[in-house]
1. Exactly one condition in (1) more than 20 Å from the chain's Cα centre (by Cα); (2) within 27 Å of ARG221 (Cβ to Cβ); (3) open to solvent by 30 Å² or more (accessible area, probe 1.4 Å) is false for GLY110; which is it?
2. Please enumerate the residues belonging to the range 78-92 that are open to solvent by 20 Å² or more (accessible area, probe 1.4 Å) and under 18 Å from THR146 (Cα atoms).
3. Quick check: is even one residue across the range 250-260 free of Cβ contacts under 8 Å to residues at least 60 places away in the same chain and either open to solvent by 40 Å² or more (accessible area, probe 1.4 Å) or of a type in the set (S, T, N, Q) (or both)?
4. Return the pairs, sorted by first residue and then second, in which the second residue is among the aliphatic types (A, V, I, L, M) and open to solvent by 50 Å² or more (accessible area, probe 1.4 Å), the first residue lies in the range 78-105 and is under 21 Å from LEU159 (Cα atoms), the beta carbons are less than 7 Å apart, and the residues are 6+ apart or on different chains.
5. Of the numbered conditions (1) touching a residue at least 24 places away in the same chain (Cβ under 8 Å); (2) part of a helix (DSSP H, G or I), PRO210 satisfies every one except a single condition; which is it?
6. Mind listing just one residue for me: the one in the range 149-198 that is touching a His at 6+ places or on another chain (Cβ under 8 Å) and touching a residue at least 12 places away in the same chain (Cβ under 8 Å) and, of those, farthest from VAL85 (Cα to Cα)?
7. Can you name the residue in the range 159-198 that is of a type in the set (Gly, Ala, Ser) and in contact with a Ser or Thr (Cβ under 8 Å, 6 or more places away or on another chain) and, of all such residues, is farthest from ALA223 (Cα to Cα)?
8. For the range 125-166, which fully contained strands (runs of 3 or more DSSP E) count at least 1 residues that are within 15 Å of ALA215 (Cα to Cα)?
Amino acid sequence: MTSADSTTDTPPRQGFGIDVGGSGIKGGIVDLDTGQLIGDRVKLLTPKPATPSAVAKTIAAVVNEFGWTGPLGVTYPGVVTHGIVRTAANVDKSWIGANASDIISSELNGQQIVVLNDADAAGLAEEHYGAGKDTTGVVVLLTFGTGIGSAVIHNGILLPNTEFGHLEVGGKEAEHRAASSVRDKRGLSYEKWAEQVTKVLVAIENAMCPELFIAGGGISRKADSWVPLLKNRTPVVPAALQNTAGIVGAAMAATRDVTH
């Protein structure tokens, strides 16, 4: 075998990510050179009630499907600081104040666990591998779903736990004005809904100067129907990684300190 063949056969850098959602917990092995999953992902239903113990056992079941024993990144749908959960929207309220890292690690024989906000994980993945990979400066990802999640990344460095969905815009919380669920509930046309999204984006622009907005959430798959209708200053592009972004961003966080 030549030296060139040896280089070609070098295995990819790998990480493992788990994305915890209100309905499902999914995970997989990630090629950290490309941001692609290696093999299939595994998804299990989020337990009801979604208590820390029950969720940790489900996470362990997903990880054990792969036999993964290295560092593990896990997303959480809320604010997490130093592994401690501060909010709980789509999971059981008993998560508040829980040490998520320790609880999950105890189900996995002491594996190293890094827990971060789910939108933060998606933002990291999109900035590094997806829609923002060619952009320097400040990139803001917003996920439009039941609420509005947010992530702010500056040249690959995460500013964790931003909550732009709770900004007051015109006397109303941003996510009560422009979440995808609001469009569905009120039966808004894309034109009317884009007006509300524009107001939220302008409010963020008035507080900071991003180079790019990335629109995530399921409605990003219909970006051609509403992104061209936006009238804010900063370019807006749809997310590229879709359902794998949380897994990929979690794997990134497991292998390096994404806040430094």
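The values are calculated or read from the model by the stated rules, or taken from the named source; none is laboratory data. Everything numeric in this text was worked out from a predicted model, so none of it was measured. For neighbour counting, all protein chains shown are included, and Cβ atoms are generated from backbone atoms with ideal geometry for every residue, glycine included. The accessibility values were calculated without ligands, DNA or RNA, using every heavy atom of the protein model including side chains. Shrake-Rupley method; radii C 1.70, N 1.55, O 1.52, S 1.80 Å.
1. (2)
2. Of all residues in the range 78-92, those open to solvent by 20 Å² or more (accessible area, probe 1.4 Å) come to 79, 81-82, 84, 86-87, 89-90, 92.
Listed by number, the residues that qualify are VAL79, THR87, ALA89, ASN90, ASP92.
3. Here is the first cut: in the range 250-260, the residues free of Cβ contacts under 8 Å to residues at least 60 places away in the same chain are 256-257.
From what's left, either open to solvent by 40 Å² or more (accessible area, probe 1.4 Å) or of a type in the set (S, T, N, Q) (or both): 256-257.
So far as the range 250-260 goes, yes, one or more of its residues are free of Cβ contacts under 8 Å to residues at least 60 places away in the same chain and either open to solvent by 40 Å² or more (accessible area, probe 1.4 Å) or of a type in the set (S, T, N, Q) (or both).
4. Correct list of pairs: GLY78/ALA89; VAL85/ILE96; ARG86/ILE96; THR87/ILE96; ALA88/ILE96.
5. Failed condition: (2).
6. In the first step, residues of the range 149-198 are kept if they are touching a His at 6+ places or on another chain (Cβ under 8 Å); the result is 156-157, 173-175, 182.
Adding the requirement that they be touching a residue at least 12 places away in the same chain (Cβ under 8 Å) leaves 156-157, 174-175, 182.
Numbers: GLY156: 24, ILE157: 21, ALA174: 23, GLU175: 21, VAL182: 27 Å.
Restricting to residues being touching a His at 6+ places or on another chain (Cβ under 8 Å) and touching a residue at least 12 places away in the same chain (Cβ under 8 Å), the top hit is VAL182.
7. Taking the range 159-198 and keeping what is of a type in the set (Gly, Ala, Ser), we get 165, 170-171, 174, 178-181, 187, 189, 194.
Filter once more, so that each one left must be in contact with a Ser or Thr (Cβ under 8 Å, 6 or more places away or on another chain): 165, 179-181.
Values: GLY165: 19, ALA179: 14, SER180: 12, SER181: 16 Å.
It comes out as GLY165.
8. Numbers: elements: 138-144, 148-154, 157-159.
The strands (runs of 3 or more DSSP E) meeting that bar are 138-144, 148-154.
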